[in-house]
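*Asks:* Take this structure first; my questions come after.
The values are calculated or read from the model by the stated rules, or taken from the named source; none is laboratory data. Note that the structure is a prediction, hence the values are computed from the model and not measured. Side chains are part of the model used for accessible areas, which takes the heavy atoms of the whole protein and leaves out ligands, DNA and RNA. Shrake-Rupley method; radii C 1.70, N 1.55, O 1.52, S 1.80 Å.
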Amino acid sequence: MRMRNLGLLAAVALVLSARPARAALDAPHDQTFSQADCTQCHELYQTTPAGDKDFSYGCVTCHNSPENRVRTSLGFPWDPNGNQAVPGVVGNQHSWTGYAENARYGAQTPANSKIASKLLRSRLQCATCHDIHASSQTFSPGSRHTSFTLGEEKTSGTSKMILVDVADGNPRGWRVKLQAGNTFIISHNAGVTPATWLNYVNNAWVPGVDGGQGKGFTIGQNVGLDPDPLATVKFTAATPGDTFDFYVSYPHLRTSNVADALCTQCHADRVMNHVKGSGKDPNYPPDGSRVFSHPVNVALDANGAGYDRPLTAVLDADGGLQPVKVNGVPVNVGDGRTANDLKFDAGVVRCTTCHAVHNGASNSLTN
Ligand code: HEC
Ligand code: HEC
Ligand code: HEC
Ligand code: HEC
Ligand code: HEC
């Protein structure tokens, strides 16, 4: 599929009609950061030659737009002809148009029907892996995004705010509006007109009005926004009328990717430990056609051969244990790029130790 985004509008067909209402649309696609207009995604599809609706074009249109570049690390741009991975050729994002059944790359149709049902006659789309209507933190623990970097001072007008911390909880977006007398009000649907404002009455947030009673704060001191999740902020300068917009979210996965469970839906053939991977599994001996892959789901030095070393107590940038070279020097330091750091999962090697599904640091030609 080599269509470019310019062809998109011409190819849009059909109007979203009588679609049963579905409550969930999580931040940032909900009304906190956009109008949460159903048509933004449901009309922005392209019809495949076989007549299926490919929703990736809607995703890519927004996700290519510099205006939406709140955080570059989310992987913009997504050009199908340059960013989409063709193994050994090009790309820094997992394929989103390939055939799931692909012997060359050891991929097969996923067993999970929730994933399989979003294939387009066996082809991938963004929605195969992503369920935009839900964003479960349990599907990808450790992958929470806050649109403001924790601890960084942000400026709006002449006001300054630091997002100090966010407790674990549901995805959510906020607009924080400063008012007179060092008070603020909040909204969770700032993308709509008129937005619903919450006022702070008797120590609780209740639906209210713009200009209504706000929550008091002291310059330079932490103050909580609202629970689930509880976000803690600190204003270091405050001018009434200034607003701050930010969100907390998870990558909207369709099923759990704990221990790479999503990856192995389609890549089960590559799941082997060091015994099988080295051809020593009596049930899977080399026969000239079987293929073998790098071991996964095992810790370093699991085979006891001494050519890889257990992780050391030296912590990497994320606070995780570090892999070290044979000379004891940590691997993940030196070039300042986190994208090419090896990521261990509680000390165990997974596919995602070496592969990033998005924003990869290389393809197999360049590295
Ligand atoms: C950010 C993009 C996006 C927005 C905004 C969006 N949807 Fe969806 N929606 C999708 C995608 C992608 C799918 C999966 C497509 C498929 O079913 O093949 C989907 C699926 C659905 C389904 C099918 C049921 C399901 O669980 O898959 C319903 C119903 C639906 N959307 C309703 C809505 C309504 C109502 C709105 C507006 C409140 C809305 N959507 C807004 C992207 C979006
Ligand atoms: C109307 C514009 C729009 C459309 C359409 C859209 N997105 Fe997004 N999406 C955004 C914005 C804006 C963000 C936040 C980006 C940022 O913080 O830099 C985002 C963030 C995300 C995130 C990361 C959430 C997080 O922070 O963890 C995922 C995953 C995502 N989008 C997937 C999709 C998929 C899949 C589709 C198509 C079904 C889609 N988006 C369609 C605007 C859009
Ligand atoms: C093969 C499965 C798969 C496909 C196809 C896929 N994604 Fe993802 N995506 C993931 C996984 C897994 C993550 C979570 C990575 C993590 O845990 O941090 C993710 C994360 C993201 C994020 C959050 C940023 C990040 O780097 O973590 C965005 C935005 C996103 N995807 C958008 C898209 C869009 C847009 C498409 C289609 C053009 C797409 N994805 C296709 C699996 C997929
Ligand atoms: C829905 C099925 C599916 C899922 C889920 C999936 N893959 Fe893939 N993957 C494929 C297919 C199909 C290809 C071959 C694409 C092509 O034809 O170019 C592929 C290719 C790859 C490649 C080769 C280069 C590239 O980036 O395209 C890597 C590496 C890879 N997948 C890793 C992963 C990881 C890591 C995960 C989990 C985050 C994952 N895959 C989840 C189907 C899937
Ligand atoms: C120790 C690091 C490492 C681990 C672990 C790993 N890979 Fe890879 N993988 C690589 C490298 C490096 C390449 C590029 C090889 C090349 O181009 O010759 C690659 C290539 C690939 C390719 C495409 C190239 C091809 O022709 O096969 C796929 C698909 C892939 N890996 C999937 C996976 C999956 C799925 C897992 C987990 C079951 C996994 N990998 C685990 C390092 C790793």
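*Asks:* In square nanometres, what is the average projected area of the Cα convex hull of the range 146-249?
*Replies:* 5.9
*Asks:* How much solvent-accessible surface does Arg121 expose, in Å² to the nearest 10, with a 1.4 Å probe and all protein chains in place?
*Replies:* Ignoring ligands and nucleic acids, Arg121 comes out at about 150 Å².
*Asks:* Radius of gyration and Dmax for the range 103-200's Cα atoms, expressed in Å?
*Replies:* 20.1, 66
*Asks:* Leaving out ligands, DNA and RNA but keeping every protein chain, what accessible area does Ser289 have, in Å² rounded to the nearest 10, with a 1.4 Å probe?
*Replies:* About 90 Å², ignoring ligands and nucleic acids.
*Asks:* Here is a follow-up. Quick one: accessible surface of Val324, probe radius 1.4 Å, all protein chains present, in square angstrom to the nearest 10.
*Replies:* Its heavy atoms expose roughly 20 Å² to the probe.
*Asks:* Based on alpha-carbon centroids, what's the gap between the range 81-120 and the range 246-297 in Å, whole number please?
*Replies:* Using only Cα atoms, the two centres lie 15 Å from each other.
*Asks:* When only C-alpha pairs under 8 Å and at least 6 residues apart count, what is the relative contact order of the range 146-249, in percent?
*Replies:* Relative contact order, the range 146-249: 39 percent.
*Asks:* Can you list the HN-Hα couplings for the range 175-188, worked out from phi with the Karplus curve (6.51, -1.76, 1.60; θ = phi - 60°), rounded to whole Hz and with x for Gly and Pro?
*Replies:* Calculated HN-Hα couplings, in order: 10, 10, 10, 6, 10, 4, x, 6, 10, 9, 10, 10, 9, 10 Hz.
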